[in-house]
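Engineer: Dropping a structure here in structure tokens format, bear with me for questions.
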Amino acid sequence: MTEEQIFEICQKENVKFINLQFSDVLGISKAVTIPYTKLKSAIHNNVWFDGSSIEGFTRIFESDQFLKPDLDTFAVIPWTIGTESVTARIICDVFLPDGQPFKGDPRYILKNQVKRAEEMGYTFYTGPELEFFLFKKENGHIEPLPHDRGGYFDQSTDQAAEVRKEMSLALQMMGIDVETLHHEVAIGQHEIDFKYNKALMCADNAITFKLVLKAIAAKYDLHATFMPKPIAGINGSGMHVHQSLFKGDENAFYDDAENYKLSKVAKQYIAGQLAHMKEICAVTNPVVNSYKRLVVGYEAPVYLAWGQVNRSALIRIPRFTEGNKKGARIELRSPDPSCNPYLAFAVMLAAGLDGIEKGMTPPEPLDENIYDFDDAKIKQLNIENLPIDLGRALNEFKKSQLVRETLGDHTYKVFYEAKKKEWDSYRTSVSKWELDRYLEIY
């Protein structure tokens, strides 16, 4: 989008303010708001801000940074249209005073890995599926009270059908190409899918997706949450990520002569992700609650395996229409929507590219339900598990050279420190479950 096009839209929609948006290391959206009259200056001279209080950014004595708007991400925020303060947003890259990109900017980290793929001749495409819950608010407080009693693809008991439609319209007005929307398996759980695209745009879209859904839910006095496992005993929310590499217009993952129509490159990519999955798990599943979802029995994958009809495996090969070469892809099923999509896509790509560079071979595919295997069979087939909690995931993260090189020393350290504090806080707290179970007995 050109500068002229942006100013034309702003005048047409009577835009008064611009949110200059960026993301912290945890994937939380931040923004500096400027009056529309300062937009031209922001585009040509950038906007300075204090990064010292942003999670994972700079220290107090080196706090000055500036935002450089990416004009292609311009969009008018739909729910502000018609108000006295119509607002647009532009996603920005973060720079240091000397003009160098800030290496702790999650968007920069993903751009680095995308560039690495391009140097190998590949374009990286992703298609994330973010599940979410809609909860009621009681007296202004958010409680885990599902908005409906619906189930998978339900219509009759799905009270949120109109809410999802309004969410979809808002997403489309923000430039996101929505493909499907439906009720998910658990009560109060939903999914809206948008079209796959180049990884950077998809990460931008995933961040925007969360903001839009929370804003529209609030209009109905509801709360949209992307917490992985908000209610015990029912399915949690995942962020399955479809991935493929292209060379020009050709899908590098497609080979008509191979089983599943997957090329050698695709299988090497799968091998790389399986080999590094334990190391990158703290990035794709970054909160204590993530590991309440990654348990057997609720469709969440916990086993390091791959296959086509196997939804218990970590990596699934989705079926695609015969002759549709561009449809060949893999689906990583373990990530959840609490992750920072920029960092998650970066480590996924790094792991896959490592598999290609080293010519790795994946294990034999499994098209059986691994949940039905006993311990002896799992041991016989040498099937490993994902870490069972954030503490173990951080242990794998800490010793990973691949993760350190992908995130860079700065983000590697601050991410680990932030998550270690979170884990220590959790493991030393006393829960209601413990009090209910032990207080009277011991």
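Throughout, read-outs are computed from the coordinates displayed, never taken from laboratory work. These numbers come from a predicted model, not from an experiment. Ideal geometry is used to build each Cβ from the backbone, glycine not excepted, and the neighbour counts take in all protein chains shown.
Engineer: Nearest 0.05, what FRET efficiency do residue 358 and residue 180 give at R0 = 35 Å with Cβ-Cβ as r? Provide the component values of the computation, followed by the final result.
Structural biologist: Numbers: r = 37 Å, r/R0 = 1.05.
Computed FRET efficiency for residue 358 and residue 180: 0.45.
Engineer: Same structure again: Sort out the exposed loop GluC sites (Glu not before Pro) in the chain (DSSP loop, at most 10 other Cβ within 10 Å) and tell me the longest stretch that has none.
Structural biologist: Values: sites that count: 84, 322, 440.
After excluding every exposed loop site, the longest remaining stretch is 85-321.
Engineer: What residue among 42, 271, 376 has the largest mean-square fluctuation in a Gaussian network model of the chain, using Cα springs under 10 Å?
Structural biologist: Its mean-square fluctuation being the largest, the pick is 376.
Engineer: Cross-link list 261/325; 136/214; 198/419; 264/358; 210/421; 398/419: which exceed 18 angstrom alpha carbon to alpha carbon?
Structural biologist: Numbers: 261/325 9 Å; 136/214 13 Å; 198/419 29 Å; 264/358 12 Å; 210/421 25 Å; 398/419 11 Å.
The answer is 198/419; 210/421.
Engineer: Connecting C-alpha atoms closer than 10 Å in a GNM of the chain, tell me which of 244, 41, 290 has the biggest fluctuation.
Structural biologist: The residue with the greatest mean-square fluctuation here is 41.
Engineer: Rounded to whole Hz and in sequence order, give me ³J(HN,Hα) for region 209-224 from the Karplus expression 6.51 cos²θ - 1.76 cosθ + 1.60, θ = phi - 60°, writing x for Gly and Pro.
Structural biologist: 3, 5, 4, 5, 5, 5, 5, 5, 4, 4, 4, 9, 6, 10, 10, 8
Engineer: Just to be sure I understand the model, the point goes 7 Å from the Cα along the line to the Cβ. What's the resulting residue 79 to residue 98 distance in nm?
Structural biologist: With each label point 7 Å from Cα toward Cβ, the separation is 4.3 nm.
Engineer: Could you identify which residue out of 199, 282, 117 has the top mean-square fluctuation in a GNM of the chain using Cα springs shorter than 10 Å?
Structural biologist: The residue with the greatest mean-square fluctuation here is 117.
Engineer: For the chain, give the magnitude of the charge dipole about the Cα centre (Cβ charges: +1 Lys/Arg, -1 Asp/Glu; no others), in debye to the nearest 20. Could the numbers behind the result be given before it?
Structural biologist: Numbers: 52 positive and 62 negative charges, 116 e Å.
In debye, rounded to 20, the chain gives about 560.
Engineer: Per-residue counts of other Cβ atoms within 10 Å, averaged by peptide: what ranking do you get for 340-351, 25-36, highest first? Can you show the working numbers first?
Structural biologist: Numbers: 340-351: 27.3, 25-36: 17.2.
Going from most to least packed, we get 340-351, 25-36.
Engineer: Still on this model: Amide H of residue 47 versus every other amide H placed in the peptide plane: which residues, excluding those fewer than 5 positions away on the same chain, fall under 5 Å?
Structural biologist: 67
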